[in-house]
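Take a look at the structure below.
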Amino acid sequence: MSDAMTHKGKCFCGSVEITVTGEPVAMGYCHCSSCREWSAGPVNAFTLWAPASVKITKGAGNVGVYHRTDRSLRKWCKKCGGHLLTDHPGWKLVDVYAAVIPSVKFKPALHVNYQETVLRIKDGLPKQKDVPKEMGGSGELLPE
Ligand SMILES: [Zn+2]
Ligand SMILES: [Zn+2]
C-alpha cells in the first residue's frame, strides 16, 4: 500500500490518531439538526469510508461514543472533546469529518438533509431533501 493513499488525522489535542486508506465513498455536506446540535456548527462536512479503510492508530482508549439512535454512533476524544467520526452501521460506512483529515482533498458532490438547513450554500451542487434513494431516502432535490 503506497503512502500516497494513506492519510492521518487527529483529535484537537492529538491524543487520538486516525488513519484512512484509499478513497472515500462519498463526500459532501450534511445539514441535519443532529449534526448541527452535536458539532455546534451550521453544517457537517463529511467524508464517508468503508469501515475497513478507517483505523484508530493511537489513543483508542480515549475515544468516547454516544448514540442517540442506532443509525449514528458519534465518537470524540474524551480528553479534549474534539470530534472524530460517526459510525453508520446501517449503511456500513464511517463518516470521518473532513476537518479531522485535512490532507484528504475535500471534493463535495452533494448536500444532504437540506430540508433542515440553517445555512444555504449556493455552490451549484445537488441539494438532497433528505438522503439519496440508494441510502434509503426520498432522493428528492430542493432548490438552493
Ligand atoms: Zn483529544
Ligand atoms: Zn447530519
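Of the residues making up region 34-53, those that are under 18 Å from I18 (Cβ atoms) and hydroxyl-bearing (S, T, Y) are S39, T47, S53. Taking first residues from region 7-27 that are surrounded by 22 or more Cβ atoms within 10 Å (Cβ to Cβ) and partners that are among the polar types (S, T, N, Q) and outside any strand (DSSP E or B), the Cβ contacts under 7 Å between residues at least 6 apart in sequence or on separate chains come to V16/N62; V20/S53.
Of the numbered criteria (1) over 29 Å from E144 (Cα atoms); (2) within 16 Å of ligand 1 (Cβ to nearest atom); (3) out of contact with any Ser or Thr (no Cβ under 6 Å at 6 or more places or on another chain); (4) open to solvent by less than 40 Å² (accessible area, probe 1.4 Å), the one Y97 fails is (1). For the structure I just gave you, tell me whether C30 is within 13 Å of the chain's Cα centre (by Cα) and surrounded by 17 or more Cβ atoms within 10 Å (Cβ to Cβ). When the stated conditions are applied, C30 passes them.
Going by the structure shown, is K55 part of a strand (DSSP E or B) and either of a type in the set (A, V, I, L, M, F, W, C) or open to solvent by less than 70 Å² (accessible area, probe 1.4 Å) (or both)? For K55, the condition - part of a strand (DSSP E or B) and either of a type in the set (A, V, I, L, M, F, W, C) or open to solvent by less than 70 Å² (accessible area, probe 1.4 Å) (or both) - is not met. Considering region 1-43, the qualifying strands (runs of 3 or more DSSP E), each wholly inside and each with 3 or more residues that are touching a Pro at 6+ places or on another chain (Cβ under 9 Å) and under 15 Å from Y97 (Cβ atoms), run over 26-30. Could you check, for region 127-142, whether at least one of its residues is touching a Pro at 6+ places or on another chain (Cβ under 6 Å) and either surrounded by fewer than 16 Cβ atoms within 10 Å (Cβ to Cβ) or more than 26 Å from T19 (Cβ to Cβ) (or both)? Looking for residues that are touching a Pro at 6+ places or on another chain (Cβ under 6 Å) and either surrounded by fewer than 16 Cβ atoms within 10 Å (Cβ to Cβ) or more than 26 Å from T19 (Cβ to Cβ) (or both), one finds at least one in region 127-142, hence yes.
The values are calculated or read from the model by the stated rules, or taken from the named source; none is laboratory data. Everything numeric in this text was worked out from a predicted model, so none of it was measured. Note that each Cβ is placed from the backbone with ideal geometry, even for glycine, and that neighbours are counted across all protein chains shown. The area values use the complete protein model at the heavy-atom level, side chains included, leaving out ligands, DNA and RNA. Shrake-Rupley method; radii C 1.70, N 1.55, O 1.52, S 1.80 Å.
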